[in-house]
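Written below as structure tokens is the structure these notes are about.
The values are calculated or read from the model by the stated rules, or taken from the named source; none is laboratory data. No experiment lies behind these values; they were computed from the predicted model shown. In this analysis, Cβ positions are derived from the backbone assuming ideal geometry, glycine residues included, and neighbour counts consider all displayed protein chains. These accessible areas exclude ligands, DNA and RNA; they are computed on the full protein's heavy atoms, side chains included. Shrake-Rupley method; radii C 1.70, N 1.55, O 1.52, S 1.80 Å.
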Amino acid sequence: MSRNRFNFLHNSELELRRDAYGFALRPQHIQGYREYAGIYKEEEEERTQKWKNFLENQELAQLRSTKEKYKETLQANSTEFEEETVRDKNSEGNKAEASELKRTTFSEKGSEGNEAEASELKDETVSVSGSQVDEAQDTRWKADLSERSGRSNVPEGTRETVPERGREGEKAEVTELKEETLSERGKKGDDSSRKSDSDGSKELSPQKEQLSEETKTEKVQPWAQIRPSLGTIEHMMNFRVKKRKVMKGEQITKSGDHLPSIDEARSSGGESDEDIKEKVCVTVTSYGSVNGLDDKGSQEDEVSPEPYFPWKEELESLVHGGVPKDLRGELWQAFVGVKARRTERYYQDLLAQEINADESKEHDNSFGVPRKWKKQIEKDIPRTFPAHPALNEDGRDSLRRLLLAYALHNPSVGYCQAMNFFAGLLLLLMPEENAFWTFVGIIDDYFDGYYTEEMIEAQVDQLVFEELIRERFPKLVHHLDYLGVQVTWISGPWFLSIFVNILPWESVLRVWDVLLYEGNRVMLFRTALALMELYGPALVTTKDAGDAITLLQSLAGSTFDSSQLVFTACMGYLTVTEARLQELREKHRPAVLLVVEERSKGGRVWKDPNGLATKLYSFKHDPELLIEENKGTEGSDDALADGDLSYKEPAANLDNMLSGLSVNSELEGRDLQEQVVWLKVELCSLLEEKRSAVLRAEELETALMEMVKQDNRRQLSARIEQLEQEVAELQQSLADKREQESAMIQVLMKVEQEQRITEDARRNAEQDARAQRYAVNVLEEKYEKAMASVAQMEKRAVMAESMLEATLQYESGQAKAVSSPRAVHNQSSVDSPKRRIGLFGLAWRDRNKGKPSNLEGSSDRKSTN
Amino acid sequence: MGCSGSVPARSSGQSGGLNNLENAGSSDAKNLRVKLVLLGDSGVGKSCIVLRFVRGQFDPTSKVTVGASFLSQTIALQDSTTVKFEIWDTAGQERYAALAPLYYRGAAVAVVVYDITSPDSFNKAQYWVKELQKHGSPDIVMALVGNKADLHEKREVPAQDGIEYAEKNGMFFIETSAKTADNINQLFEEIAKRLPRPSPSS
């Protein structure tokens, strides 16, 4: 079935309205898609070639090392000797070194990076059969080289039977082992390796149940190994998974979560108890080896974070360029480190448990998937990539199983909308169980805390993104602020859906390629920033909130140039690193926690019932696993001899091993099952207490921070007051100075005015003087005129006098002749005044002798007048 | 209550009083702009209502909404005013309620949707009404919508229950069907009529 589905993706005769992946195109994007379809094809061809070359080089290198190894195996069977030679070979470097590293740490002979890896970490028994394994290996390599495309990896030879046998075992197990008691578990461990046993148990199982089993689980695709050529990549990524687990363990230890108590229990059990049962010893030794491995791992970590992979950079650039369609499903599994995560039959167990819960019709929370999630999943299945050709009835069944199994696997997340799309996408690319483990890796690791009930990390990430975008695109953010648009309205759905349904599919897959390769959420941020970079300029031109949001949505939806997007994201934002993000997350987390806390206090009735119940449930669920774990290791000899896969990666189950150990060492001789549950309940309540204590502590811390802040604020405000006072003083003095200045200016102005006044006065005076002078002149003139007239008058007077004299003389001559007394008297009375005038006139004449001409002229004029 | 069309814009962002442009656009008594948020249980048909209203389409197998999605639509009323609805369609699942405040904060209108064939969804609608009364804008216009009215033979929530609950809480009630387009436009027109208008002087 997987092949059908897979082939469908390659079918070029697709509907016009669907893209190369079978996803519906929005009508407005059909044109855009057509334009890019050709480019996609070219790119695809190019990258297929590049990857082919890369993988061929890898294989050649590996093949060489495998062959050498094979020879060594023939030469000597002693593990010590082999280890030495392996160490010698380490100095050779290159790819072989990478693989050998693992060999050294595991100190075993199975070849790495492929099917045989699952049977690694075995003891002497395996060493004996090792050569056979290697031989099979060798042929497999050759086969794989010749047959490169398609799923060639559950193929010929002895391997063929392995998955099948695994499945039979699982079926048997489901029908036969509901109680999950220890002894039965033990048998199961053998089942997986011994066909006769599994046959036997199958016969034991009632037909009816088996039938119902078949109808429900038959369709589950078998686990498929990824092609061996990707083994080295897978190995590299597995290392990361293990490392992360170790780190997680450390973190938990530090943060005082529930593991430490188990840890203590383990150490006390390991140290003091000498009469521990054989079983426990086995567990301890196997744990010891695991521990040893991890110790080595962490020692290596200290030297260099990861073993040296010379081709890592090449791989990275290949990933940035995109993963070929044919390889995508398997490469994604390799990136997520599916092999290191996988536990044999775990998925089938979860499904069986769910089915049983369903059949028993007990829908209480303690068994099976809680009802509300089931309902939600049912609602969402038809709404996941509706009408996608591959999501037919079978496809939907797979989707349902996967989501239900995950909800059982991690009750703290359960089911969250968005996960349906991820699961659907993965199912399009790989078989069901592989999809499950990839899904587990993505949700549990990459997006830890994202899709939980409170969605805390999702909220934190939004705050982080907002800070980044404010830092990177201040202008754009300013404009959006101005429009009243919050970036997180838009980026929230981007992050939560990991761009599924947001970007065109080609771009979504390219982003996922990088994201899964990098193993964290950095690519999420980088892509979102790249989108803002690409579309920011257009956004700035928008005039209202609605237009801005609509524009950004539609632009994002038409980001067909996936290469441009990925390169902008990867090259343009190198400074956005996981470390930086962690720092910012730490900074913003308290605020989110505070809000969440307040909300839950505010009486969210439908949230609370989950807390303890689901936890209790998950613990009830756990013991089965860990017991299986113990048994699995116990029965490992046979399993190994057969080259079966019943063995579980040690680090992958470190946690389980730990708990298993504590259970075994503390409770010898008792009813394990009961005790485990009891212990877990105890633990659970402890955990609850601890959590509330932690929350309380956080609360107090925030309160303290608040107080400190307030304290600071007080100091600051005091200082501000002081400064303000100073400022006021300065202003005051400044004002004073100004006043003085203005006073001075006023004075100056007054002086000036006075000056002006005096000048005016002077000018007036001068004018006056001039006027006076003029008046003087006028007067002088008048005077002269007057003088002239006086002179004239004098002349006239003189003339008159002379005339008078003449007259007088004449009269006297007559009088002498007449000689009358009266006449004489009259003459004397007239005479006297005339004399006076004459005298006066003479005096005037004397004084004006200096201007005779004038006098003469004027008198002349007078006379003429 | 003195609410104006510009309320969403003004109180939505962290921008404070920066939105002069927006206010200029929305304080116009003739052209309102309104932020509207759709809330309600998963699968009651929130996205379908919006799609029917904005694009006139109905897709029985529409996609699950992750987070929220945005669409806008302008309608003209008889008094020649236009109202531009900026619609935030939110995800229905319970846990997404943690993100809902991001979208209903500052909204002038909240449309709370339930499915008339599902009493659970009616309960959830009541939860949303309470939440909005507690944390929404004090002058928010609320509408209670019973969707899937075409499935009347499967009805489990009597219309009377919706009417009574809406009355008690000062809401406007309507039953719609996104499938048949019944009452969809009426819903938005009625909301538009109930919007407090900015006084022409402002």
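Does B:Leu77 satisfy the condition of being surrounded by fewer than 23 Cβ atoms within 10 Å (Cβ to Cβ), hydrophobic (A, V, I, L, M, F, W, C) and over 29 Å from A:Lys375 (Cβ atoms)?
yes
Evaluate the following for A:Leu524: is it of a type in the set (A, V, I, L, M), over 19 Å from A:Asp444 (Cα atoms) and within 14 Å of chain B (Cβ to nearest Cβ)?
Working: of a type in the set (A, V, I, L, M): yes; over 19 Å from A:Asp444 (Cα atoms): no; within 14 Å of chain B (Cβ to nearest Cβ): yes.
Against the criterion (of a type in the set (A, V, I, L, M), over 19 Å from A:Asp444 (Cα atoms) and within 14 Å of chain B (Cβ to nearest Cβ)), A:Leu524 does not qualify.
Go through segment A:471-492 and give me each residue that's outside any loop (DSSP other than H, G, I, E, B), over 20 Å from A:Ala569 (Cα atoms) and within 8 Å of chain B (Cβ to nearest Cβ).
Across segment A:471-492, the qualifying residues are A:Leu480, A:Asp481, A:Tyr482, A:Leu483, A:Trp489.
Can you list residue pairs whose Cβ atoms sit under 8 Å apart, with the first residue in segment B:47-66 being facing chain A (nearest Cβ under 10 Å) and the second being outside any loop (DSSP other than H, G, I, E, B) and of a type in the set (S, T, N, Q)? Count only pairs 6 or more apart in sequence or on different chains.
Note: pairs meeting the criteria are B:Ser47/B:Ser69; B:Ser62/B:Ser47; B:Lys63/B:Ser47; B:Val64/A:Asn420; B:Thr65/B:Ser47; B:Thr65/B:Thr90.
Within segment A:392-414, which residues are buried (at least 24 other Cβ atoms within 10 Å of the Cβ) and within 11 Å of chain B (Cβ to nearest Cβ)?
A:Gly414
Could you run through segment B:118-130 and say how many residues are within 12 Å of chain A (Cβ to nearest Cβ) and touching a residue at least 40 places away in the same chain (Cβ under 8 Å)?
Going through segment B:118-130 one residue at a time, the tally reaches 4.
Filter segment B:71-104 down to the residues that are facing chain A (nearest Cβ under 7 Å) and among the hydrophobic types (A, V, I, L, M, F, W, C) and list them by number.
B:Ala91, B:Ala98, B:Leu99, B:Leu102, listed by residue number.
Could you please find all residues in segment A:471-481 being touching a Leu at 6+ places or on another chain (Cβ under 9 Å) and under 16 Å from A:Pro537 (Cβ atoms)?
Residues satisfying the conditions are A:Arg472, A:Phe473, A:Leu476, A:His478, A:His479, A:Leu480.
Taking the options A:Gln553, A:Gln486, name whichever one is open to solvent by 30 Å² or more (accessible area, probe 1.4 Å), modelled with pLDDT under 95 and closer than 30 Å to B:Leu32 by Cβ.
Being open to solvent by 30 Å² or more (accessible area, probe 1.4 Å), modelled with pLDDT under 95 and closer than 30 Å to B:Leu32 by Cβ holds for just one of A:Gln553, A:Gln486, which is A:Gln553.
Can you find even one residue in segment A:541-563 that is touching a residue at least 60 places away in the same chain (Cβ under 8 Å), assigned to a helix (DSSP H, G or I) and away from chain B (no Cβ under 14 Å)?
The answer is yes, given that some residue of segment A:541-563 is touching a residue at least 60 places away in the same chain (Cβ under 8 Å), assigned to a helix (DSSP H, G or I) and away from chain B (no Cβ under 14 Å).
Being open to solvent by 10 Å² or more (accessible area, probe 1.4 Å), among the β-branched types (Val, Ile, Thr), under 13 Å from B:Leu102 (Cβ atoms) and touching a residue at least 60 places away in the same chain (Cβ under 8 Å) is the requirement here; does A:Ile456 meet it?
no
Given the residues A:Gly368, A:Gly424, which is the only one that is on the phi > 0 side of the Ramachandran plot and free of Cβ contacts under 8 Å to residues at least 60 places away in the same chain?
Result of the check over A:Gly368, A:Gly424: A:Gly368.
Consider B:Ala143 carefully, then state whether it is in contact (Cβ under 8 Å) with a residue 24 or more places away in the chain, open to solvent by less than 10 Å² (accessible area, probe 1.4 Å) and away from chain A (no Cβ under 12 Å).
yes
Given the structure, is A:Gln564 open to solvent by 20 Å² or more (accessible area, probe 1.4 Å), under 26 Å from A:Asn501 (Cβ atoms) and at pLDDT 90 or above?
yes
So A:Lys795 passes all but one of these: (1) touching a Ser or Thr at 6+ places or on another chain (Cβ under 6 Å); (2) open to solvent by 100 Å² or more (accessible area, probe 1.4 Å); (3) charged (D, E, K, R). Which condition number does it fail?
Of the numbered conditions (1) touching a Ser or Thr at 6+ places or on another chain (Cβ under 6 Å); (2) open to solvent by 100 Å² or more (accessible area, probe 1.4 Å); (3) charged (D, E, K, R), the odd one out for A:Lys795 is (2).
Could you list all residues from segment A:427-444 that are open to solvent by 10 Å² or more (accessible area, probe 1.4 Å) and without any contact (Cβ under 8 Å) to a residue 60 or more places away in the chain?
Selection gives A:Asp444 alone.
Is it true that A:Pro389 is more than 10 Å from chain B (Cβ to nearest Cβ) and open to solvent by 10 Å² or more (accessible area, probe 1.4 Å)?
For A:Pro389, the condition - more than 10 Å from chain B (Cβ to nearest Cβ) and open to solvent by 10 Å² or more (accessible area, probe 1.4 Å) - is met.
Consider segment B:66-125. How many of its residues are assigned to a helix (DSSP H, G or I) and not basic (Lys, Arg)?
The qualifying residues number 15.
Tell me which residues, restricted to segment A:444-470, are part of a helix (DSSP H, G or I), out of contact with any Leu (no Cβ under 9 Å at 6 or more places or on another chain) and away from every other protein chain (no Cβ under 14 Å).
Within segment A:444-470, A:Asp444, A:Asp445 qualify.
Return yes when B:Val111 is in contact (Cβ under 8 Å) with a residue 24 or more places away in the chain and either open to solvent by less than 10 Å² (accessible area, probe 1.4 Å) or away from chain A (no Cβ under 12 Å) (or both) and no when it is not. I'd like the intermediate steps shown before the answer.
Working: in contact (Cβ under 8 Å) with a residue 24 or more places away in the chain: yes; either open to solvent by less than 10 Å² (accessible area, probe 1.4 Å) or away from chain A (no Cβ under 12 Å) (or both): yes.
Criteria met by B:Val111.
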